[in-house]
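Sharing a structure with you now.
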Amino acid sequence: NIVTAFLTSLISLIILRSLAIKYNLVDYPSERKTHTGNIPLTGGLSVFLGILVSHLFFIEFHQFTSVLIITAALILIQGIRDDFVNLEPKTKITFQVFISAIMIYITDVKLGSLGDLFGVSYPLQLGILSIPITIVAVIALTNAINMIDGLDGLAAGIVLLAITGMIFFNLTLEFSPFTSILLATASALLPFIIFNITPYTKFKVFLGDGGSLFLGYIISWSLIYSAENINNFTPSFALWCVAIPLFDFFTVIIMRIVKKQPLMIARKDHIHHCLKNFGFSKQLTLLLTVSFGLTILLIGSFIENYFPALSFSIFLILFLFYLFIRMYNNS
C-alpha cells in the first residue's frame, strides 16, 4: 500500500513532467511568482495517481474512501482546467459546493455536532444546519490549502501535519481502509515534496491549483470523517490539525474585507509572504511555518487530553492573537 503509492507517485512525476512541458501545462514566472523557469503543474495529478493505484490494488472497498477518491478526482480535474484557463472564483466555488453535496448524499458523512464547545456539558447538535455547515467547512479548508500553496513544500507539509494528527488518533483502532488512504496520501506526497523543494529547475514540479484543491478536499473530508467516527477525535481537535491554513485563510479574508479588497484574488498577503518580508529565506520560511504548525498540533493534542473543555476557546484565543500580530505588522 505505502510502497505502491510512493513508487506510482514517483514514476508519474517523472513521466508527467515531460508531458506537461510538451502540452504547456506549466507555471510561468511573473510579478507575483518569483520562481525560475517554466515549472510543470503535474504534482497534484501524480499524487492522485499514487493514491488511486494503491486504493485499487491494496485497499479493500469502503464506501466513504471510494466516493472520496472519485469526488476528489472531479475537484482535481476542475483545478487542472483552472490552471489552463483561469476560471472565475464563483464558478470554482459553485462546483465545489455541488461535489460536496454529492459526497454527503452518497456517504451520509457530515458534521452532526460541534462537540462540547466552550465547555458545555453536552454536544452542540447542528440539526438542519448540519449539511450547510459541513459544506462551508469543506469549501473553507479546501481553499485555505489552495491559498497557502505559495511556497515550495508548504501545502504538502501542512497536509502531512494534518495526516499525522489523524493517524495519531487512529493508532488505537484497527487498521482500516480509511487509515490506509491517509497513509497512501502521505506516502504519495513524499516524492512530490522532493521534486517540489529541489533547487534544480529541470526536476522541479508544482501542485497547481488542481493539486492543492485536491489535497484540501481530501483533508477536509478526512477530518470530518474522523470527528464523526473516531473515539476522542473531536471537531475542536480537527481545527488544531489544520491550524496554520485556517489561521492564514481567515486572517487574509478579514484583512481584505477591512481594506475593501477582492476576497478571492491572488495577493502577497499570506503567512509565508509575511515571513519572507522579514528577510527569511524560502527554506527557513518553510521550516518556521511547518514547525509552528507542528507546535500548535502538539499543544492542541495536550489540551484535548487534559483540558478538553478549553480546547476550542484556546484555539480561538490563539487565532485572535495571530490576527492581531498580522494586523499590527501590516499597519
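If I go through the range 284-331 residue by residue, how many of them are in contact with an Asp or Glu (Cβ under 8 Å, 6 or more places away or on another chain) and outside any helix (DSSP H, G or I)?
0
Now for a different question. Of the residues that sit in the range 257-276 and are exposed (fewer than 13 other Cβ atoms within 10 Å of the Cβ) and not in a loop (DSSP other than H, G, I, E, B), which one is modelled with the lowest pLDDT?
Only one residue fits best here, namely 259.
Looking only at helices (runs of 4 or more DSSP H) that fall completely inside the range 149-246, which ones have 2 or more residues that are β-branched (Val, Ile, Thr) and free of Cβ contacts under 8 Å to residues at least 24 places away in the same chain?
On the way: elements: 154-170, 177-197, 208-229, 235-241.
By residue number, 177-197.
What residue, of 68, 124, is modelled with pLDDT of 95 or more and not charged (D, E, K, R)?
So the residue among 68, 124 that is modelled with pLDDT of 95 or more and not charged (D, E, K, R) is 68.
Going by what's in this entry, would residue 154 be described as hydrophobic (A, V, I, L, M, F, W, C), more than 23 Å from residue 74 (Cβ to Cβ) and buried (at least 23 other Cβ atoms within 10 Å of the Cβ)?
yes
If you don't mind, another one. With the checklist (1) open to solvent by 50 Å² or more (accessible area, probe 1.4 Å); (2) within 20 Å of residue 55 (Cα to Cα); (3) modelled with pLDDT of 95 or more in hand, flag the one item residue 175 doesn't pass.
(3)
Right, next: From the set of residues in the range 77-111 that are surrounded by 15 or more Cβ atoms within 10 Å (Cβ to Cβ) and among the basic types (Lys, Arg), which is nearest to the chain's Cα centre (by Cα)?
Here the residue is 92.
Do any residues in the range 1-22 that are over 19 Å from residue 179 (Cβ atoms) have Cβ atoms under 6 Å from those of residues that are polar (S, T, N, Q) and in a helix (DSSP H, G or I), where the two are at least six apart or on different chains, and which pairs are they?
Qualifying pairs under 6 Å: 12/46; 13/46; 16/46.
Further question: Just checking, which of 114, 7, 74, 41 is open to solvent by 50 Å² or more (accessible area, probe 1.4 Å) and under 20 Å from the mean Cα position of the chain (by Cα)? Walk me through how you get there before you give the answer.
Details: 114 fails: under 20 Å from the mean Cα position of the chain (by Cα); 7 fails: under 20 Å from the mean Cα position of the chain (by Cα); 41 fails: open to solvent by 50 Å² or more (accessible area, probe 1.4 Å).
Checking each option against the conditions leaves just 74.
Looking at (1) under 30 Å from residue 199 (Cα atoms); (2) touching a strand residue (DSSP E or B) at 6+ places or on another chain (Cβ under 6 Å); (3) hydrophobic (A, V, I, L, M, F, W, C), which one does residue 147 not meet, given that it meets all the others?
Answer for residue 147: the failing condition is (2).
Would it be correct to say that residue 38 is more than 22 Å from residue 268 (Cβ to Cβ), among the polar types (S, T, N, Q) and at pLDDT below 90?
no
Right, something else. For residues that are farther than 20 Å from residue 161 by Cα and among the aliphatic types (A, V, I, L, M), scanning just the range 226-256, find the one that is surrounded by the fewest Cβ atoms within 10 Å (Cβ to Cβ).
Checking each candidate, the answer is 254.
Let me ask another. Quickly run through the range 81-140 and pick out the residues that are small (Gly, Ala, Ser) and more than 17 Å from residue 70 (Cβ to Cβ).
Residues satisfying the conditions are 112, 113, 115, 119, 121, 127, 130, 137, 140.
Go through the range 277-310 residue by residue and tally those that are out of contact with any Phe, Trp or Tyr (no Cβ under 6 Å at 6 or more places or on another chain), open to solvent by less than 80 Å² (accessible area, probe 1.4 Å) and at pLDDT below 90.
5
Among the candidates 177, 235, single out the residue that is closer than 27 Å to residue 305 by Cα and in contact with a His (Cβ under 6 Å, 6 or more places away or on another chain).
177
Among what's in the range 54-71 and is open to solvent by 40 Å² or more (accessible area, probe 1.4 Å) and out of contact with any Pro (no Cβ under 9 Å at 6 or more places or on another chain), pick the residue that is farthest from residue 10 (Cα to Cα).
Looking at the filtered set, the residue picked out is 63.
Here's a check for you: in the range 91-145, which residue that is in a helix (DSSP H, G or I) and aromatic (Phe, Trp, Tyr) is farthest from residue 253 (Cα to Cα)?
My answer is 105.
Something else about it: Could you give every pair whose Cβ atoms fall below 6 Å, whose first residue belongs to the range 308-331 and is under 16 Å from residue 245 (Cα atoms), and whose second residue is of a type in the set (Val, Ile, Thr), counting only separations of at least 6 or pairs across chains?
Correct list of pairs: 323/251; 326/251.
The values are calculated or read from the model by the stated rules, or taken from the named source; none is laboratory data. The structure presented is a predicted model; accordingly, all values stated were derived computationally and were not measured. Every residue, glycine among them, receives a Cβ derived from its backbone with ideal geometry; neighbour counts consider all protein chains shown. Accessible surface is based on the protein model in full, side chains and every heavy atom, while ligands, DNA and RNA are left aside. Shrake-Rupley method; radii C 1.70, N 1.55, O 1.52, S 1.80 Å.
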